[in-house]
Each structure stands twice: as C-alpha cells, then as structure tokens.
Amino acid sequence: MSTTPAAIPSATPGNTLPREHYLNATYGIRSWLLTTDHKRIALLYLVSVTFFFFIGGAFATMIRIHLLTPNGYLVTAETYNKLFTMHGVAMIFFFLIPSIPAVLGNFLIPLMIGAKDLAFPKINLLSWYIYLVGGGFVLYSFSTGGLDTGWTFYTPLSSVYSNSAVTPAVIGVFINGFSSILTGLNFIVTIHTMRAPGMTWFRLPLFVWAHYATSIIFILGTPVIAITLLLAGLERMLHLGFFNPALGGDPILFQHLFWFYSHPAVYIMILPAMGVISEIIPTFARKPIFGYTFIAGSSIAIAVIGFFVWAHHMFLTGESAYAALTFSLLSYLVAIPSAVKVFNWTSTLYKGSISWDTPMLYALGFIGLFLVGGLTGLFLACLGLDIHIHDTYFVVAHFHYIMVGGAVMGYVGGLHFWWPKITGRLYPEFLARIAAVTLFIGFNLTFFPQFILGYLGMPRRYHSYPPEFQVFNVMSTAGASILALGYLLPMIYLIWSMRYGRVAGRNPWPATGLEWQTDSPPLTENFDVTPEVTWEAYDFVNRPDLGLDVKGAPSLAPAHGDD
Amino acid sequence: MHRTGELFGQFETMDQQRESASLGMWVFLSTEVLFFGGMFMTYTLNRSTYPDVFGEASRSINLPLGAVNTIVLIASSLTMAMSVWASQVGKKQLLTIFLILTLILGSVFLGIKGIEYHEKFVEHHVPGLNFSFEPGASVATNAHAQLFFSLYFAMTGLHALHMIVGAGLLIWLIKQSLKGRFTPEYSTPVDLIGLYWHFVDIVWIFLFPLLYLIDRH
Amino acid sequence: MSEHHIVSPKIYIAIFFALMVCTLLTVYAATVDLNQYFSGLNIIVALVIATFKASLVVLFFMHGKYSPKRTQLVIICSVFWLAIMLFMTMSDYVTRLWS
Amino acid sequence: MPLYPEQASNFAPNVDALFVYITAVCLFFAVAVTIAVVFFFFKYRRKTAGEVGVPIHGDMRLEVIWLVVPLLLALTMFAGGAVIYVDFRRPPMDTLDIYVVGKQWMWKAQQPTGLREINELHVPVGRNVKLILASEDVIHNFSVPDFRVKMDVVPGHYNTLWFRPTKPGKYHFFCSQYCGTNHALMGGWVTVLEPTDYEAWLSGSSSADANPLVAGEKLFAEKACNTCHLSDGKGRAPSLNGVYEGKVLLADGSTVTADDAYIRESILAPAAKVVAGYQPVMPTFQGQLTEEQIIALTAYIKSLQSQPVPATGAGIAPAGKK
C-alpha cells in the first residue's frame, strides 16, 4: 500500500491524556490483581492470552522447521506429537477462545452499552483467576512430560493408551471451561439488564450482538466439554469405564460429546471476530452497515444452527449413514448466515467514504481469508469429498484460515481499532500497515500450500512424510517465517506506542459507538453521567457531534430501516 | 460478601441488581443442565446398549435407601422453599429455622449416600477397586456392569458434590440469617441459593429412577 | 423475580405432597412389568413421572411460573439444548442398524 | 508438481469431478467478492477528511437473493456428496473380503485364503474389494489417497471400506487418525495386480497354517463351540451351516443378516441377539479371543456357507439366503 492522505481524520485530536482515567486511578500490583474494573481485567487477559499465544507460536515454529524435510531431524516422533498437541491446546483453549471475548469484549461491552461495568465484576475477576489456574495445570502438563493425545483428546488413546501427562492437561482444560462459562454468563446478564436508556436491542453495536451469540455457546456448550473431559479423566485416573471399548464402552460417544462443544467452539472464535469486522467496516467506510438486522440475526443463527452440525467431524467413524446425511445437510445450512455477513460487509463498502487505515486493512484481510476458510468448509461438509480430504492437511489449512486468518486477523485488527481507546494513544500508522500486509502475505504463503498437500493426501499429525510432499511443506515453512515476523512487529510497536504514541483524543476515527463518547482512556466508571442513546447504530449523518462534513454528503432519503 | 441491601456501583437501581442476580443464577443453572447432560447422554447410550446388565446391576443397589433419600431431598426442597417464603414476608426466626432444617435434611441425604457407597465398597462394586460384579458373572457382564457402576458413582458423586457445595452455602446463609441480615427488601441470597438447591433436587429426581429403578419387577 | 412474587406456604405443601405421591408411584411402577404391554414402557413411565416432578419443582418451588419471560426463555433453552444433544446423538446410534 | 493424486479407483473420478464443481462455484464467489471489495476500495476511497458515505441501510431484495442462491448451490453440493457417500457406505454384494486389523503401529491384513500381510495389501484390479476393519487398541484410520477412500478403524466394532481398483500399480496407504507415537510410520503400500498376477501371488506365498479356515476350525474345537453348534441342528445351539449372509430369525421376532458384524457380536455378546427357538445359554468370549481369532472363526463359519442346511436348522428365516 502506498501512503494515503488523511489517513487519520482530524476529529478532535487532543494533545494530552485526560487527567484521571482507569489506568492511573490507583497504583500498585494489588490494584491490578484485585481489580474489579472490566477494563483492567481485559488488560490482565490481554497479557495472559498474549503469553499463551507466544507459547503456542513457539511450538508452531518448531513444527514448521521440523517439517522442512520429509524425515525431519529436529525432534523425535514423540516430541513432534507433543508439539502439535500443545500447540493446539495452548492456542485453542488458552488463546483463541478467550482472545476477543475476554480482552476486547470485556473492555468494550459495558462501554458500548453505556454501563459502568459488567453485571458481576467480581465474577469477572474470578474468571480470570480460573483461567490462570487452568493455564497453570496445562503448563504443568507441558513441562512434566508434555501431552501427546492431540488437542481432541480422543479416547481410548487419551484415557487408556497415552503415556504422557494427560491428567493435568485434562484438569487444566476442565477448569478453564468455567472461566469461559462465567465470562459468557456475565455478558448475557449484562447485555440483558445493563443497557443505558435508549439503547434498544436494535441499536446495539453488532459487536455486542456477536458476543451475545458467543455467550450462548459459552453457556450451553462449554459445560458439555467440561463433563466429557472429566469423564475421560476419571477413566484414566480411577479406571472407571465410560468410553473404554475394553469394557464395552463406545469411544465414538466421546467424539459426539467432544464435538457437541468443540464445533460450536469454532464459532466462539469466529463470531467475535465477525463482530469486530462489523464495527470496523462502517467506521472506515463512514456509512451505516448494510443489512443490520441480517448481520445481527445471522450471528444468532450461526450460534444456534452451529449446535446441530457437530457430527460432520465424524463422517468416517462408522456413524450411521443417515446421521451423516443429516449432519452434512445441516452443515450446509450453517454456511448461509456466514455468506450473508460477507455479502453485507461488501455492500457496506458501496458508495462509502473509505479510508485505508490499518483496522480497515485488517478487515479486508479478514474478508479475503475468511472467504477462503469458509468456502473450503463447503468441501469438507460435502460427504463425498470428506471421504478423501478428512484428516488431511486440507482440514489443517481450512481451520487455520478460519481461526488464524479469521479470528486472529479480527483480534489484531480490533486491537488496533480500539488501541486509542484502551491506551489513549495511537499506534504508528505506517508500521502498522506494513505489519498488516506482511501478515496477510505470510499467512497465505503458509497455509495455502496445505490445501494442495491435503488434496494430494498428506495426513495430518505426521512427523515424517513421503518425499513427494516436500515442496509444499517448504513453501509453508517459508510463509510461516514471514508470518512470525508479522506477529512480532505489532507486538513491538504497540508496546512502544503505549508511551510514545500520539495522543488520540476521545474519538480519533471518528466512530459512532458509545465507547467513543467518553475519554480515552476512559474513567474507571466509564462515563461521567449515564449516557442516553438517541441515535441509531452506525448513523454518521445525524451526528453533528462527530464533526463530519454532512452537508457535502450525497444524501439519500432520510435513514430508514433495512427491511 | 457485602453489607445487606447495598447497591453495587455498577447498577443503577436495586431492581436492576436483583433482576441481574436472578437472571445470572438461572443462566448458571442452564449450564449445569448441560453439565449433567453429558453424563445423562453417556448413560443413555450405555444403557440402551446393555439393557440387561444395567437392569441386573441396578437391582444390586439398595432401593429402600434410595427411596428414603428421595423423600429426604424433596423434603429439604420444601423447607428451602419455605425459607424463601419466610424471608420474603420478613419472618426472621422462621427463616433461620427452615434453613437449619434444610441443612439437616441435606446432611441426612449425604449420610445415607455414604452408607450406600460403603455397601458398594464392601460388595466390590467400585470400578477400579477390585471390581467384581457377581461370583460367576461372565467377563462381558462384569465389564458392562463396570460401565453401570462407573456411571452410578460419577453421577451420584457429582450430585453429592453439588450437595456439599449447597450445604456450605446454607451454612453461610444461616450465619447471615442469625445476624438478621435478610429482610423482605433484601433476600436475594436466599432466593438464589434456593434456586440452586432446587436444581440439585431436580437432578436427583432423574437420577433416582434411572439408577435405582431399572427392571425392578 | 423483579415483582418478587410471594407463593403461599399452602401451595408449597401441596406441591410437596404431590411430589411424595409421584415418588411412591414411580417406585411402584418400577415393580410392575409394564414392558410386557409395550417394549420400554417401564422407562417411559419412569421418565414421564420424573419430568412431571421436575416441572412441579421448577414451576412452584423455583417460581418458574411467576418469573419474567426471559427467565422462562433460559429454562426452555436449557431443556432444548439438552434435547439437541440427546436426540441428535442417539439419532446416529438408532439409525446404524437400518440398512 | 501434481496438484491431485492419481485416480486409481472407481471413486477417484467422481470425487475429483465433484471437487472441480465445488471449486468452480467457490472460485466464482471468491473472485466476485474480491473484485467488488477491491473495486470499492479504490473507487470510494476517501477524498476529504470530513467526507461521509451515502447512508444506505440495506435492501431486502438483495438479502433474499443472497440467502436463497447460495442455499440452492449448497444443496447441489450436498446432493453430489451424498450420492458418492451412500455408494461408499454400501458395498456391493460380490466383494473380495479382506480383513485388516490396525494396532499401534502396524497394519495386518488377511486375504480370503488366509494369506497374511503386514503393512502391505495386494488386491486384483477390477474386483470390488471390501476391507473389514478392526482395531486392537486405539482408533486408527485406513486411508488410500489414490483411491480417494478412508475409514476409521474403531476398537469395539467393525467398519467396512470398499473400492474397485482401476489401475495396476503401487499406492501409498496411511493411518489417517492420530494414534500415538509412530502414527506417521503406520502406513504401507497397496499393490494392485492384474487378476492373474494376483492369483499367482496368492498361490505363490500362501501357507496352510496361516489359513484362517484351518485356524478357525481348530479354534472351533478348542473353544468347544462344536459341542453345542452341531451341524445337524440338534445341539443346544443352532447349526451354523449356511448361516453366513443368510437371514436369521431372532427370539424377539425380528430378523438380522448374519454378516461379519453379527457373528462377531454373537461371539462377544451372545445374549444380545438370541436365535429363535434357543435358550440364551452361550457364554461370552469377550476378552478370550483376539481380533484375529475372531476373524479366523468367522472365516470358518463362512466356509460352512456351502454345507447342507439341516431341516431342523431353526433360526434360519424361511426367506432363505440373500
């Protein structure tokens, strides 16, 4: 991207930070570790999920280096298995699932709905501690023998045969589940009861709708994986029998229960990212989102239909062909709301006033990568094709496009978008654009070759592979090194900007949400007085306070509903 | 915890605070439904695969104890409901009495459960500990009976764990109640813990026929 | 419970007795071989009684009947999701034998 | 650099065709959206700092179109996949049956003649081949990319996988379900031979004691099966003559086909499906037989298919065989 004029609009740039805000309200370690302020808890989460991201990233790096050669000599088979398992566990349970909800959601939901805090601030803090305890168990497992069951913990490998430290890992993931549950509970109650006057359901930012949908999954899905892992753990620790085929139990039942949560868990990762994108696009196109109700409704539809498709992970386990047909059909249904979102985002760009700021670059990157990730889901939902590509690198590529291309792009883009609100300062725009483009290129180079590898038949979770697959593995590893740089760069300049970045002011973009109506960084109580909402979501025209050139705008008829 | 009837900073009104607390508890209970649900699913499949052995194994557990326990637990639900009523109408002494009754009934339930577990232990019916179902039972019957008893212990064990947590909460409530903390304006903790207690009762209402009453004819 | 509905102790006691009767009924029903009339009737009867008892507890002891709509929605959702899990999973096992 | 593996089975052309179709539809949408995004990105780039976009809130007709059109296209993909999958899950009747047992970390295959192979599988070209898959420990997956087939190998029950090789040659097979330390090494080669070569290979390397028929017959006596399952149907248990692939009438009035899975179940859980007219007296053999021994017994029972069926052979449904 070349340089762009007027990248940062000039709406109310302040010179100094507000005198008092949540970051300097109190000092000392205790004031952080015992805080009940949702914004501080969000920052605690930010630090801890970043920690796990780098742990998971380190494992990923070793995996990619090992796979440079067919008979990789970096690590043994046993170690390799532990690497990809620990990569999965760290990334999924301790980075991706909490990332956007617990960091951005925690920070923003009360601000967006005009509340002083979440409904249960102490429970919010508790959920962070639960996360830490769960993380502690998992790290203990990683450091005392590691874990080699795959992040899916399939029985009877995990409950009977594995010799690695399965028990502490299962306990850790079990405990961590309650952190998710409490976060979801807090969000649902907060969104129901804490909205400011005038903040009706259909004036809610789409980010909030996305988190409401996510919370449904947290609440109704997470307990199932908790109990399932508990049962598998009991089978291992106390030799009880639930799934153990030696006693006549059915290992496939474990998969049913596991995927009952773990498929919707994919939507836990992507829905909040979709929420972020739904905020960024109208802001940087300066126009209302196209089809508000459809985007909001599709979030709920994804969360609900997402619970009906899990057995598409099990087409080849010997599950009944009738069940397979049903689940395949339902899987195609869940693709539709995602498609609706993409079309609406694209249409929002039409006749917008589009700036090329970094968050917008992430949003566009997200659309591109999510498109690939989502469309390749259609291949996997297809029964006939799944026979061939199931459990190959095609699957690996597909879910990395969704989880890394989608969720992480959304997360990093969201961090940039709200960074001025979180820290009161702007990140360096030029470096940020370079990082965004680097990430996009690195990501595609890493994961696109894996689609081809998958169709060629390379199975996943292989520490060595036939030499004919080497070319694409080398490409993938090369891409991964670019990707790694792309992640390090924002880490460095974001930390730098906390001290040296330009002071942002209340509403640097400007954006329409309530969170931009208060100081950056906000007060501990969020707002001086409880705000009253008199405008529709994403309405730039009837908002003189934003200081935009509304008169010069080509205006259509007055704002009307989208139905 | 906090002083009685205090309005927390994040809320605007007492009503909002009460509604949030109640909704929060219900949402929590809905996760509990799915939490126990995973075990009910495992039970459903294993029982439908081995109906006969499950019947045989079920007949080996002590029905009179289970039935008495059901009655005890439902009675404790009644006293809990009465505590909620007492707190709502401001009968402070009655509240304390009902809470103590609930706690006693809950403890009786746990005590009887303990006796049952002991019986099973003596009979070598605890999977993973010298399990042997019946002298002369075939290898398969033995294996499938282990599935039943694993579920029996996991389900009743997790239920008992919930009871123990509930008992702890009740002790806290009784302390508060003795200090006269609850008034008709402020009885949220009694309401919420009441909801939790009734939920635990409901779980048992399903566990009882599923575990104790298979093919008793 | 915003309106803080107060249920009279008489109702509680009536419900308690109804629950007792159901408990005795379910124990009695288990001792009769109902499967001879219709395969699986015993378990069906047991579950119907249990569901009825649970509904009484939810509606009266837990004030479900007097709760706001959104609380009732939460109750319905939890039962619905439980049903998704049980029925969709069993749909696999039940149809395996068809061919 | 090949972009797709060799097409060496009856499924391969269909799977590839479906792949091309779905790729084409997806490419169309991906390209269309990408072009639109990039075009809008340049065309509507912000010109002045205070500029706002045109406040368009939505369009119901467009929403309906992009709800319905993708749905219809998705249904065609579903249908295409369903056709292949149903074919894949229903093996034809005239198959060459080969038993494959997976264990950490090797594959053992057994030809109908009893010839055993380890991490190798020889099949004739043009024949329908059915693999009957069993696992001795954890879940594995038998996968042959060049045939576009794979199936999980699950401990506790049989899965089947069938294909018809269309091209002689050597093809990789893999374990595709993660199964522990040496998962990546748990693979081998399928060798597809001309029928005559296959016959030659079979006779060239078979040995009598490896014959499951022989082993099964021995087991049948060792485990005292023959004391009840008398061939004249007068024993305490039904005669097994002609039972394989026939319909069996059960005590509860239903009938089942006596296929491999039924025989396996009857050995391990005899009480589950008792033949009409007999008492459930058979003990279970769970834990006393290895998967290979069960396969041997099954092979022996299968060989009784051609034996005369006794008149008193209760349990064999009147409809007769197949």
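Some notes on this structure:
- Filtering region A:433-470 to residues that are crowded, with 24+ Cβ neighbours inside 10 Å and either more than 11 Å from chain D (Cβ to nearest Cβ) or within 23 Å of the chain's Cα centre (by Cα) (or both) leaves A:435, A:436, A:439, A:443, A:446, A:447, A:450.
- Some residue of region A:254-277 being part of a loop (DSSP other than H, G, I, E, B), buried (at least 24 other Cβ atoms within 10 Å of the Cβ) and in contact (Cβ under 8 Å) with a residue 12 or more places away in the chain: no
- Residue A:121 within 11 Å of chain B (Cβ to nearest Cβ), under 29 Å from residue A:276 (Cβ atoms) and not charged (D, E, K, R): yes
- Hits in region D:156-179 - residues which are crowded, with 24+ Cβ neighbours inside 10 Å, within 7 Å of chain A (Cβ to nearest Cβ) and out of contact with any Gly (no Cβ under 7 Å at 6 or more places or on another chain): D:176, D:177, D:179
Yes/no matrix, rows are residues, columns are (1) buried (at least 22 other Cβ atoms within 10 Å of the Cβ); (2) within 18 Å of the chain's Cα centre (by Cα); (3) basic (Lys, Arg); (4) at pLDDT 95 or above:
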| site | (1), (2), (3), (4) |
| --- | --- |
| A:2 | no, no, no, no |
| A:7 | no, no, no, no |
| A:39 | yes, no, yes, yes |
| A:74 | no, no, no, no |
| A:78 | no, no, no, no |
| A:89 | yes, yes, no, yes |
| A:101 | yes, yes, no, yes |
| A:107 | yes, yes, no, yes |
| A:110 | yes, no, no, yes |
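- Filtering region C:55-99 to residues that are facing another protein chain (nearest Cβ under 7 Å) and in a loop (DSSP other than H, G, I, E, B) leaves C:62, C:96, C:98.
- Selected residue (criterion: nearest to the chain's Cα centre (by Cα)) from residues of region A:202-260 that are aromatic (Phe, Trp, Tyr) and farther than 21 Å from residue A:338 by Cα: A:258
- Odd one out for residue A:48, checked against (1) out of contact with any helix residue (DSSP H, G or I) (no Cβ under 8 Å at 6 or more places or on another chain); (2) assigned to a helix (DSSP H, G or I); (3) surrounded by fewer than 22 Cβ atoms within 10 Å (Cβ to Cβ); (4) not hydrophobic (A, V, I, L, M, F, W, C): (1)
- Cβ separations smaller than 6 Å between residues 6+ apart or across chains give the following pairs from region A:52-64 residues that are farther than 12 Å from residue A:74 by Cβ to residues that are small (Gly, Ala, Ser): A:52/A:90; A:55/A:90; A:56/A:90.
- Per the conditions (1) surrounded by 15 or more Cβ atoms within 10 Å (Cβ to Cβ); (2) at negative phi; (3) more than 14 Å from chain A (Cβ to nearest Cβ); (4) in contact (Cβ under 8 Å) with a residue 40 or more places away in the chain, the sole criterion not satisfied by residue D:73 is (3).
- The lone criterion from (1) assigned to a helix (DSSP H, G or I); (2) more than 23 Å from residue B:39 (Cα to Cα); (3) more than 25 Å from the chain's Cα centre (by Cα) left unmet by residue B:130 is number (1).
- Scan region D:1-50 for residues that are among the basic types (Lys, Arg) and outside any loop (DSSP other than H, G, I, E, B) and the total you get is 2.
- Condition met for residue D:172 (under 18 Å from the mean Cα position of the chain (by Cα), on the phi < 0 side of the Ramachandran plot and touching a residue at least 24 places away in the same chain (Cβ under 8 Å)): yes
- Residue that is modelled with the highest pLDDT [pool: residues in region D:11-68 that are within 25 Å of residue A:547 (Cβ to Cβ) and among the small types (Gly, Ala, Ser)]: D:53
- Qualifying residue in region A:304-312 (condition: within 9 Å of another protein chain (Cβ to nearest Cβ), out of contact with any Pro (no Cβ under 9 Å at 6 or more places or on another chain) and in a helix (DSSP H, G or I)): yes
Residues checked against (1) part of a helix (DSSP H, G or I); (2) assigned by TED's automatic domain parsing to the domain that holds residue D:281; (3) surrounded by fewer than 17 Cβ atoms within 10 Å (Cβ to Cβ):
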{"site": "D:217", "(1), (2), (3)": "yes, yes, no"}
{"site": "D:229", "(1), (2), (3)": "no, yes, no"}
{"site": "D:239", "(1), (2), (3)": "no, yes, no"}
{"site": "D:242", "(1), (2), (3)": "no, yes, no"}
{"site": "D:249", "(1), (2), (3)": "no, yes, no"}
{"site": "D:253", "(1), (2), (3)": "no, yes, yes"}
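- One residue from B:151, B:129 being within 14 Å of chain A (Cβ to nearest Cβ), under 24 Å from residue A:240 (Cα atoms), in contact (Cβ under 8 Å) with a residue 60 or more places away in the chain and in contact with a Phe, Trp or Tyr (Cβ under 8 Å, 6 or more places away or on another chain): B:151
- Scanning region D:16-56 for residues that are within 30 Å of residue A:540 (Cβ to Cβ), of a type in the set (A, V, I, L, M) and either more than 7 Å from chain A (Cβ to nearest Cβ) or surrounded by fewer than 15 Cβ atoms within 10 Å (Cβ to Cβ) (or both) returns D:32, D:35, D:38.
- When region A:260-298 is limited to residues that are more than 14 Å from chain D (Cβ to nearest Cβ) and in contact with a Phe, Trp or Tyr (Cβ under 6 Å, 6 or more places away or on another chain), the one that is farthest from residue A:96 (Cα to Cα) turns out to be A:279.
- In region D:133-147, the qualifying residues are those that are part of a strand (DSSP E or B) and more than 7 Å from every other protein chain (Cβ to nearest Cβ), and the one that is nearest to residue D:160 (Cα to Cα) is D:133.
- From A:419, A:356, residue being within 11 Å of chain D (Cβ to nearest Cβ) and touching a Ser or Thr at 6+ places or on another chain (Cβ under 9 Å): A:356
- Flag if residue C:8 is facing chain B (nearest Cβ under 9 Å) and surrounded by fewer than 17 Cβ atoms within 10 Å (Cβ to Cβ): yes
- Selected residue (only one of D:97, D:152 is surrounded by fewer than 23 Cβ atoms within 10 Å (Cβ to Cβ) and in a strand (DSSP E or B)): D:97
- Residue match in region C:27-50 (condition: more than 24 Å from residue B:43 (Cβ to Cβ), outside any helix (DSSP H, G or I) and not assigned by TED's automatic domain parsing to the domain that holds residue C:83): yes
- Search result, residues across region A:93-134 that are outside any helix (DSSP H, G or I) and among the charged types (D, E, K, R): A:116, A:117
- Screening residue B:115 on (1) within 18 Å of the chain's Cα centre (by Cα); (2) buried (at least 17 other Cβ atoms within 10 Å of the Cβ); (3) over 28 Å from residue C:75 (Cα atoms) shows it passes everything except condition (2).
- Residues of region B:105-126 that are touching a residue at least 12 places away in the same chain (Cβ under 8 Å), hydrophobic (A, V, I, L, M, F, W, C) and not in a loop (DSSP other than H, G, I, E, B): B:105, B:108, B:109, B:110, B:112, B:115.
The values are calculated or read from the model by the stated rules, or taken from the named source; none is laboratory data. Since the structure is predicted, the reported quantities are computational estimates derived from the model, not experimental observations. Cβ sites come from the backbone with ideal geometry, for glycine too, and all protein chains shown count toward neighbours.
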